[in-house]
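One structure is given here, and the rest of the page talks about it.
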Amino acid sequence: MAGIRDYQAIVGEQLIEEIYELARQLIGCRVQHINSTFAGGGVAEILKRLVPMMQEAGLEVRWDVIKGDEEFFRVTKTFHNAFHGVPVQITPAMLDTYRRISRENYDLVEPRADFVILHDQQPLGLAEIRPGHPGRWLWYCHIDPVDVDREVWDFLRPWARRCDAAIYHIPAYARNLGHRQYFMPPAIDPLAEKNREVSSSEIAAVMERLGIPADLPLVVQISRFDRLKDPLGVIQVFRLVRKEIPCRLVLAGGGASDDPEGIQVLQEVRQAAAHDPDIFILELPPTSDLEINVLQRVAAVVVQKSVREGFGLTVTEAMWKSRPVVASPVGGITVQLIPGQTGLAAATTGEMARALVRILRDPALGERLGQNAREHVRKNFTLPIYLKRWLEMLTAEKN
Ligand code: UDP
């Protein structure tokens with residue numbers, strides 16, 4: 001696994017020195033991250049690399065996952081949808097389930113932690129025990145809370161308020177909770193298996209294994225099978241594009257243990273694809289970093305047709321690989337994709353199809369967008385920059 005100094009060639013020496021300077025004041029500081037899954041989805045992706053990097057910087061870091069039953073994850077997925085403005089039905093039994101599982105997880109909290117970081121809403125109920133704990137508690141909201149359902153927010157807000165501060169990806173997500181707020185977009189690890197450079201023979205081997213021919217341009221969306229990623233919309237877009245220019249579609253994604261809706265959505269996607277030989281639907285196991293890397297690299301265009309998006313790490317990953325991205329201008333995608341410069345934005349099915357055709361017909365445009373995209377990610381959304389932001393935030397909270 002890469003160490004902090006290995007990133008110098010990407011982010012420059014000064015940033016690495018700034019990291020060590022900041023870390024000096026935090027050596028031995030105990031940090032506990034708590035979320036709801038070790039694999040699948042953006043938060044697990046972030047923690048997988050952030051935790052060892054913080055440890056290397058000299059902090060004592062733990063990563064724990066709350067334990068819940070299927071019912072609990074149904075409830076928290078409903079809350080997740082409710083954050084994204086999806087109409088939901090909340091019953092008293094659901095709220096009881098959330099309270100019960102939160103109670104069962106109180107023991108998970110490290111009593112000596114200087115910082116307890118609760119990621120998203122699944123572990124937020126643990127903040128019930130904040131008053132008796134000596135550390136600083138931070139709620140890191142990775143999703144877009146702007147249109148959160150009132151009932152769900154009224155239920156969760158008291159725990160969010162119990163935390164000492166909140167972290168959001170972008171200023172547009174700020175909530176008025178009466179405590180300090182930080183804005184910290186996440187980042188990708190350019191040296192991890194998912195993002196590292198890949199040789200042409202590795203690419204060929206992976207594509208052969210996946211059974212995807214290389215004779216036509218590929219349109220690719222990598223995402224959990226989630227309605228908010230609009231995979232059915234991607235199929236509609238693809239069918240419009242294919243009328244104009246021959247190409248194939250790859251929809252690839254796996255599940256996450258905290259997302260019980262994935263299987264159903266995958267079925268709907270298979271039905272909509274209706275055995276179309278030009279649509280490849282890949283159900284990926286959690287060990288598919290190289291496959292994802294390769295699919296993003298071979299794509300003529302990467303799409304992300306999300307209805308809502310907390311940040312959209314799949315967009316960052318594709319941009320880092322200098323791929324042209326066409327995405328819905330929602331949530332965190334708006335700080336990554338500068339329309340016409342680092343990618344193309346498309347708000348509707350028709351717009352997205354037109355943007356794809358434009359890039360597929362004009363490879364020079366795709367090349368230019370891709371180069372700008374990589375530079376934008378290098379400057380703003382790579383792991384060392386993220387680590388530095390973390391260290392600055394912890395320093396501010398400590399003092
Ligand atoms: N991902 C993965 N396997 C999959 C689907 C997604 O490893 O089958 C990764 C993807 O590469 C990205 C993260 O999970 O790093 C998804 O983060 P994003 O912010 O795009 O969406 P989220 O799933 O958090 O809504």
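Throughout, read-outs are computed from the coordinates displayed, never taken from laboratory work. Note that the structure is a prediction, hence the values are computed from the model and not measured. When we count neighbours, we look across all protein chains shown, and the Cβ atoms used for this are built from the backbone with ideal geometry, even at glycine.
Over all distinct Cα pairs, what is the inverse of the mean 1/r for region 218-290, reported as the Kirkwood hydrodynamic radius in Å?
Details: mean 1/r = 0.0795 Å⁻¹.
It works out to 12.6 Å.
Using only alpha-carbon positions, what ratio does the radius of gyration of region 357-399 give when scaled by 2.2 N^0.38 Å?
This ratio for region 357-399 stands at 1.88.
With springs connecting C-alpha atoms under 10 Å apart, model the chain as a Gaussian network and identify which of Gly312, Gly85, Gly41 has the largest mean-square fluctuation.
For the chain, modelled as a Gaussian network with Cα springs under 10 Å, the answer is Gly85.
Check each of the trypsin sites (Lys or Arg not before Pro) in region 136-228 and keep only those in coil by DSSP with at most 14 other C-beta atoms within 10 angstrom; list them in order. All intermediate terms of the calculation are to be shown ahead of the outcome.
Working: sites: Arg136, Arg150, Arg161, Arg162, Arg175, Arg180, Lys194, Arg196, Arg209, Arg224, Arg227; in loops: Arg175, Lys194, Arg196, Arg224.
Passing both the DSSP loop test and the Cβ count: Arg196.
When you have a sec, figure out the Kirkwood radius of region 103-262 from all distinct Cα pair distances and drop it here in Å to one decimal? Present the calculation step by step, with values, prior to reporting the outcome.
Values: mean 1/r = 0.0512 Å⁻¹.
Roughly 19.6 Å, rounded to one decimal.
Which cross-chain or sequence-distant (5 or more) residues have an amide H under 5 Å from the amide H of Ala165, H modelled 1.01 Å from N in plane?
Trp137, Trp139
What number, in nm² with one decimal, is the all-direction average of the projected area of the convex hull of the alpha-carbon atoms of region 172-314?
Details: hull surface 42.3 nm².
Across all orientations, region 172-314 yields a mean hull projection of 10.6 nm².
Between the alpha-carbon centers of region 193-243 and region 314-372, tell me the distance in whole angstrom.
15
Compute, for the chain, the length of the dipole vector about the Cα centre, with Cβ point charges of +1 (Lys, Arg) and -1 (Asp, Glu) only. Units Debye, rounded to 20.
Using Cβ point charges on Lys, Arg, Asp and Glu, the chain gives about 660 debye.
Compute the Rg/Rh shape ratio of region 320-362: radius of gyration over Kirkwood radius, all on alpha-carbon atoms.
Values: Rg = 10.0 Å, Rh = 10.5 Å.
A ratio of 0.95.
Between the helical axis of 349-361 and the dominant principal axis of the chain, each derived from Cα atoms, what acute angle in degrees is found, rounded to the nearest 10?
Rounded to the nearest ten degrees, it is 60.
Quick one: Cα convex hull volume of region 324-399, Å³ per residue?
Taking only Cα atoms, region 324-399 has a hull volume of 80 Å³ per residue.
For a paramagnetic label modelled at 7 Å from the Cα of Glu197 toward its Cβ, which residues of region 317-331 fall within the zone defined by backbone nitrogen distances under 19 Å?
317-323
So what's the back-of-envelope 222 nm ellipticity for the chain, counting only DSSP H runs of four-plus at -39500 (n - 2.57) apiece and dividing by all residues, rounded to 500?
Details: 15 runs with 177 residues, N = 399.
Taken over the chain, the calculation gives -13500 deg cm²/dmol.
Mind putting a number on the dipole of region 1-131 about its Cα centre? Charges go on the C-beta only, +1 for Lys and Arg and -1 for Asp and Glu, and I need it in Debye to the nearest 20. Each step should come with its number before you reach the end.
On the way: 14 positive and 19 negative charges, 68 e Å.
I would put it at about 320 debye.
Rounded to the nearest 20 Debye, what is the dipole magnitude of region 164-233 about its Cα centre when Lys and Arg each give +1 and Asp and Glu each give -1 at the C-beta?
400
Need the list of lysines near Lys243 for cross-linking: C-alpha distance under 26 angstrom, and skip anything on the same chain fewer than eight residues off.
Lys229, Lys305
Dividing the alpha-carbon radius of gyration of region 58-114 by 2.2 N^0.38 Å (N being the number of residues), what value is obtained?
Numbers: Rg = 14.4 Å, N = 57, 2.2 N^0.38 = 10.2 Å.
Against the empirical 2.2 N^0.38 Å value, I get 1.41 for region 58-114.
Rounded to the nearest 10 degrees, what's the angle between the helix 262-273 long axis and the longest principal axis of the chain, both from Cα atoms, 0 to 90?
10
For region 14-101, how big is the tail of P(r) above 15 Å, as a whole percent of Cα pairs? Intermediate values should be presented prior to the final figure.
On the way: 2632 of 3828 pairs.
Beyond 15 Å sits 69 percent of the P(r) for region 14-101.
So which lysines can Lys388 reach, going by Cα to Cα under 17 Å and dropping same-chain residues fewer than 8 places off?
Cross-link targets: Lys48, Lys379, Lys398.
Work from the charge dipole of region 256-393 (Cβ charges, +1 for Lys and Arg, -1 for Asp and Glu, about the Cα centre) and give the residue of Leu387, Pro285, Gln371 farthest towards its positive end.
Gln371
Along the positive direction of the dipole of the chain (beta-carbon charges: Lys, Arg +1; Asp, Glu -1; about the Cα centre), which of Pro213, Gly42, Phe155 reaches farthest?
In the chain, that residue is Phe155.
Restricting attention to the alpha-carbon atoms of region 271-338, what are Rg (one decimal) and Dmax (integer), both in Å?
13.1, 37
Taking amide H positions as placed 1.01 Å from N in the peptide plane, with prolines and chain starts having none, which residues 5 or more places from Ser322, or on another chain, fall under 5 Å of its amide H?
Arg374
I need the phi-derived Karplus couplings for region 102-111: 6.51 cos²θ - 1.76 cosθ + 1.60, θ = phi - 60°, integer Hz, Gly and Pro marked x.
4, 4, 5, 9, 3, 5, 5, 5, 6, x
Read phi for every residue in region 134-139 and hand back ³J(HN,Hα) as whole Hz from Karplus 6.51 cos²θ - 1.76 cosθ + 1.60, θ = phi - 60°, with x for Gly and Pro.
After applying 6.51 cos²θ - 1.76 cosθ + 1.60, I find x, x, 8, 10, 10, 9 Hz.
Karplus couplings for region 151-157 from phi (6.51 cos²θ - 1.76 cosθ + 1.60, θ = phi - 60°), rounded to Hz, Gly and Pro as x?
Rounded to whole hertz, the list is 5, 5, 5, 4, 6, 7, 3.
For Gln181 paired with Val86, estimate the spin-label separation in nm (one decimal), with each label point 7 Å from Cα along the Cα-to-Cβ line.
Between Gln181 and Val86, the label points sit 2.5 nm apart.
Expressed in nm², what is the orientationally averaged projection area of the convex hull enclosing the Cα positions of the chain?
On the way: hull surface 74.6 nm².
Taking a quarter of the hull surface, the average projection is 18.7 nm².
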